[in-house]
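Notes to accompany the following structure.
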Amino acid sequence: MRVGVVGAGISGLVCAQRLLQLAPQQQLKVTTLEWGRGPGGRTARRRVKINVNEADNSSDSNNNNNNNNSQRQQTVVEASFDHAAPFFTARTNKFREGLLSDWEAQGLAAPWITAAVATPQQSSSEQGQKEDVKNDQELWVGLPSNHAIAKGIVQEIQASQGGICLFGQHVQHAEYDKTKKVWNVRVFDRNAPTDAVKTHTFDALVLSDKLLILPNTYSIVDPVEWESLAIPSDLGSTGAVVLLVAFHKTPSSATSPPTTKKGVLQMLNQHPFLQTVVHESTKPGRDTQQQLLDLWVVHSTHKYAASHLVGEKLDDVEAVQQELLNAFLEVLIVKEKATTIAELTSRIAYASVMAWDHAQPNESKRLEVSHLLDSSRKAGVCGDFFLKAPASSLGPCGVEAAALSGLALAENLAPLIR
C-alpha cells in the first residue's frame, strides 16, 4: 500500500510516523511531500549569520579602550530564531504522556521553566507563585531549537522500512481515480533541472494543511472532489508580522542587554500592536555559539498584520520594521528597566521583519473534531485547525493540536490500508 502525505509540518509528520509504527510488518510505503527545503511547519526556524565583535563582548573590553580596532577579532555567529511557534503548550494528558514524553526522552524537547507568562503590567509577585508554576508546566520548546522536533521525526520516518520524505516538492494537484481507486498527485520537483513535473500514485492520501483544500492559490484538490473532506470555507487564518532582534551582550552581564526573569511577555491587549515578546536566549539548550548574542522574537497582533499585509508581502518593510522595533524597545525599557532606546539601539547586532500571512487558524472557526476522513477514498485531513475546545475550557492549540490531529488521523486511517 502506498500512502502520500502532503506537508511536513507537525501534523503530517506525526501522521506518517504513526502509520509506519502501526504497520511495521506490512508492505507499507509512506511518502511525505514538502514544498520547503526541510520540515518545520509550526516548528520552523529562521537562521541568520551575524558578525559579532568579540572585543565588545569580552570581560576585558573596558580595560582595552586604547586597543586599535584592527586588533579586535570578529566572529560570524549563526543565530537561530524560533520565529513560527516560539513555544508550545501541553494541555492534554494524551499529548504529555504520549508524543511529548517521547520527544523529551529523545532529547528533542524540554520544559521552559523560566518562561512563566506575564503581562507588561504584572510583576512575578503580582501574578503569584501558583500561576507561575502552572505556566511553567505548560510551556515547552524544542532542543536545541523547535525545528529539532520535526527533524527528529523525519529521521525516524526515514529509518523505518517504507518511510520516505521528499523536500522541495511543490504539490500542484491531486485527483482521485474512481476506476483504479487511487490518488494521482502531480508534483513539481523544485530540485530537478529538467523534467521537473512528475505524477505520484497513492492508494491513500493525507492532506496536512487547510490551504490544500480551501479556495486559494495553494489548493490542490478541485472543489467537486472535496466531498466529505470539505472544511468550512470561512475557516481562514490570521496573520502576524514577526520581528527578529539580536543584541550584542554587554561585558558586565552574561545575559544583557536586557535581562529578564520571564522568557515570554504576553501583551494581552496591553499594547496596540504587539502580541507576544519572547526572550529566545532564555530557552534551555540553546546553541553555545549564540552566547555572544541576546536573541528576541516579537509577534505583532493580527490586526496590525492585516493593515500591512498585501497578499503575502508587507506594504513597507522598512517602515514596519522600524515601528515594531521602536515599540519593542519601549516595552523593554518599561518592563525590564533597561536604560534608554539609544543605548539599546547601539547594541543591536541584527534586526529584521518577516510577514506570516497564515500564522494561526481563526480560533473561532476551528473544528471540534480531531480530523476528517473519507473512508471510501482513503483520504484524510489533519492540522492545528482541529480539536477546538468547548467554550469555557482550555484545549490544545498550535503544535499540540497539530500533533494530536495527525495522530488521530493515522490511527483511523491505518485499518483501511491493511
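The values are calculated or read from the model by the stated rules, or taken from the named source; none is laboratory data. Quantities reported herein were computed from a predicted structural model and do not represent experimental measurements. Each accessible area value is taken on the protein alone, full model and side chains, heavy atoms only, with ligands, DNA and RNA left out. Shrake-Rupley method; radii C 1.70, N 1.55, O 1.52, S 1.80 Å.
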Check: Using just the C-alpha positions of region 312-355 as equal point scatterers, what log10 of I(q)/I(0) does the Debye formula give at each q in 0.17, 0.24, 0.27 1/Å?
Finding: -0.51, -0.85, -0.97
Checklist line | Area of residue 194 that stays accessible when all protein chains are in place (1.4 Å probe, Å², to 10) | finding: 90 Å²
Item checked: Where only alpha carbons of region 274-374 are counted, the Rg and the Dmax (Å) -> 17.2, 59
Item checked: Sequence-separation-based contact order of region 275-408, relative, with Cα cut under 8 Å and 6+ spacing, percent -> 15 percent
Margin query: How large is log10 of I(q)/I(0) for region 205-251 at q = 0.25, 0.30, 0.33 Å⁻¹ when the intensity is taken from the Debye formula with one equal scatterer per alpha-carbon?
Written below: -0.96, -1.22, -1.37
Next item on the list: Find the accessible area per residue for region 271-377; the probe is 1.4 Å, ligands and nucleic acids are left out, and the unit is Å².
Entry: 48 Å²
Notebook entry, point to check: Which of the residue pairs 151/313; 49/249; 210/365; 151/181; 29/151 have a Cα-Cα distance greater than 23 Å in the structure shown?
Noted result: 151/313; 151/181
Check: Share of region 328-418's accessible area from carbon and sulfur, percent, 1.4 Å?
Finding: 54 percent
Next item on the list: Please work out the Cα center distance from region 1-44 to region 81-107, rounded to the nearest Å.
Entry: 18 Å
Margin query: Just to verify a number: what accessible area does residue 208 come out at with the full protein assembly present, 1.4 Å probe, Å² rounded to tens?
Written below: 20 Å²
